[in-house]
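S.K.: Right, I'll just put the structure down here and ask away after.
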Amino acid sequence: MDKVLLVIAHKNYQPLEYSWPKKILTAAGFKVINVSDKTGLAVAQDGSTSKVNLVLEKVDVIGYNGLFIVGGSGALEFLDNERTYKLLRQWQKTGRPYGAICIAPRILAKAGVLENKKATGWDGDNKLAEVFQENSVKYIKETVVRDGQVVTGSGPAAAEEFGQVILQVLN
């Protein structure tokens, strides 16, 4: 069975950005593996929970078809770190699809895996263009942007489209 990693912050991940891609991927026959910075139940911003199947340190890049990071206020607090960057850099070398939505494309940019790529993301603080420019990313002001194997989304309103484009890039 094909498997996709959805990375969520242990606390305060965005529920729509998680549930839409999961629903779309599951319906297409993919098994979704929830990855987080801690084991147990991850708690979304709305209080809903998801069981963590795997912690970041234990992810082996072999055996998975895609890796996508969900946004939400917890993403920068819990996932914006060298541990996540290392995983993303290892993943990029596999040539398989990856991406992020909402605030999480900033994590990809800082990890260096969006260099010279087109991408989008949440810009409610008007700092996305600056973060992207510092990391050689081409900011495209669209709801979802696909650049080769990389998919980025702008936020909760783009969650369903983000999931559909992930499915396209995986197929």
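S.K.: Inside region 50-68, can you point out the residues that are touching a residue at least 24 places away in the same chain (Cβ under 8 Å) and closer than 15 Å to residue 37 by Cα?
M.R.: Selection gives 50, 52, 54, 56, 57, 59, 67, 68.
S.K.: Can you tell me how many residues in region 33-51 are surrounded by fewer than 20 Cβ atoms within 10 Å (Cβ to Cβ) and assigned to a strand (DSSP E or B)?
M.R.: 6
S.K.: Right, next: Among (1) at positive phi; (2) assigned to a helix (DSSP H, G or I), there is one condition residue 57 misses while meeting the rest; what is its number?
M.R.: For residue 57, the exception is condition (1).
S.K.: What do you reckon, is residue 154 of a type in the set (Ser, Thr, Tyr) and more than 14 Å from residue 100 (Cα to Cα)?
M.R.: On the way: of a type in the set (Ser, Thr, Tyr): yes; more than 14 Å from residue 100 (Cα to Cα): no.
Considered against the rule, which asks whether it is of a type in the set (Ser, Thr, Tyr) and more than 14 Å from residue 100 (Cα to Cα), residue 154 comes out as no.
S.K.: Can you list the helices (runs of 4 or more DSSP H) lying wholly within region 96-171 that have 1 or more residues being in contact with a Gly (Cβ under 8 Å, 6 or more places away or on another chain), buried (at least 18 other Cβ atoms within 10 Å of the Cβ) and in contact (Cβ under 8 Å) with a residue 40 or more places away in the chain? Full working, then the answer.
M.R.: Values: elements: 105-111, 128-134, 159-170.
Answer list for region 96-171: 105-111, 159-170.
S.K.: Let me ask something else. Considering only residues that are under 20 Å from residue 170 (Cβ atoms), in contact with a helix residue (DSSP H, G or I) (Cβ under 6 Å, 6 or more places away or on another chain) and at pLDDT below 95, which ones fall in region 60-108?
M.R.: Passing the criteria: only 61.
The values are calculated or read from the model by the stated rules, or taken from the named source; none is laboratory data. All values derive from a computational prediction rather than experimental measurement. When we count neighbours, we look across all protein chains shown, and the Cβ atoms used for this are built from the backbone with ideal geometry, even at glycine.
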